Amino acid sequence: MKDFLKTTTRFALLLVLFVLPKAMQAKDDNPFISINSIGSEKKVSLVLKNLTTPTTIRLESALEGVLLEEEVTNSEYARVLNLNELSAGNYKLTVSTGTRETEQPMAITRTGLSLNINERKQFYAPTIKANGNLVDVSLLNNQLTSLKMKIEDAEGILVFEDEVRNVVKLEKRYNLSKLPAGEYTIIILVGEKSYLKTIRK
């Protein structure tokens, strides 16, 4: 009986140690995002669930730039965007959750709204952490991609460049001890996206 209890206890402990962290990680990495048009109206339904980091919602026009930007700090969010007052043209709704960006293109015509969920794209932003002379860059993507890193000084002069091709996951550390003290801008290019971070060493 004692052996049975020990085995059961060990099994329960293994479940807690291995299954629970994986479930929590899946929740952290996979927020629920629903973007849909509502009937024939020029309205969009946006529903977000399981948000674990501050999330930014941005509506952009191809001609006028950013029309709406809102930050969400709750774990859930729901809203209907009424686009009736917008002129005909191409628009993009972006939801940025931590290291993931979901982009939904849409078009407003004279008679309605065209939104195709098959045109939705996901981008994964790199994580950039600077600590003294060390800069850690990590990227977890859902497909093969290339990453280019550039570092510019305060005058915009390129002082360092590196490129990694055809990666799905990347964790790389850069030692910047040879650069003089000062302010630098790190520019990371992933596919067609660029990410900037200013650091001081």
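Starting from 0.36 nm per residue, how many nanometres of slack lie between N90 and F32 once their C-alpha separation is accounted for?
Length difference between fully extended and current span is 18.4 nm.
Label K129 and E71 with points 7 Å out from Cα along Cα→Cβ: what is the distance between them in nm?
Calculated label separation equals 2.2 nm.
Using a Förster distance of 30 angstrom, determine the FRET efficiency expected from the C-beta separation of L196 and S61, and round it to 0.05.
My answer for the efficiency is 0.85.
Per residue, how big is the convex hull of segment 32-123 when only Cα atoms are used? Give it in Å³.
Cα convex hull per residue, to the nearest whole number: 89 Å³.
Residue by residue, what Karplus-based ³J(HN,Hα) values in Hz, rounded to whole numbers, does segment 136-151 have, using 6.51, -1.76 and 1.60 with θ = phi - 60° and x for Gly and Pro?
Result, ordered by residue: 9, 10, 10, 8, 10, 10, 9, 7, 4, 8, 10, 10, 10, 10, 10, 10 Hz.
Do the alpha carbons of any pairs in K129/K169; K129/K150; K169/K197; K49/K92 sit beyond 18 Å of each other, and which pairs?
K169/K197; K49/K92
Which of the aspartates and glutamates could be linked to K43 by a straight reach, that is with a Cα gap under 12 Å, when you skip same-chain ones fewer than 8 residues away?
Answer for K43, where 12 Å is the Cα cut-off: E85, listed by chain and number.
Can you list the aspartates and glutamates whose alpha carbon is less than 13 Å from that of K193, not counting same-chain residues fewer than 8 positions off?
E101, E103
Which ³J(HN,Hα) values in Hz, rounded to whole numbers, follow from the phi angles of segment 97-106 under the Karplus curve 6.51 cos²θ - 1.76 cosθ + 1.60, where θ = phi - 60° and Gly and Pro get x?
10, x, 9, 10, 10, 10, 10, 10, x, 8
If the chain between N175 and A154 were fully stretched, how many nm would it gain, using 0.36 nm times the residue separation less the Cα-Cα distance?
In short, 5.7 nm is gained.
Kindly state, to the nearest 0.05, the FRET efficiency for N82 paired with K49, given R0 = 25 Å and r defined as their beta-carbon distance.
Approximately 0.70, to the nearest 0.05.
Apply the Kirkwood formula to the chain: the hydrodynamic radius equals the inverse of the mean of 1/r over all pairs of different alpha-carbon atoms; give it in Å with one decimal.
One decimal place: 20.2 Å for the Kirkwood radius.
Can you pull the one-decimal nm distance between simple spin-label points at L189 and R120, each 7 Å off the Cα toward Cβ?
Computed distance between label sites L189 and R120 equals 2.9 nm.
In whole Hz and in residue order, list the ³J(HN,Hα) couplings for segment 42-51 that follow from phi through the Karplus curve 6.51 cos²θ - 1.76 cosθ + 1.60, θ = phi - 60°; x for Gly and Pro.
8, 9, 10, 8, 10, 10, 10, 9, 6, 7
Here, each number is a calculation from the coordinates, and none is a lab measurement. A quick note: this is a predicted structure, and the numbers were derived from the prediction, not measured. So basically every Cβ, Gly included, is an ideal-geometry build from the backbone, and we count neighbours across all protein chains shown.
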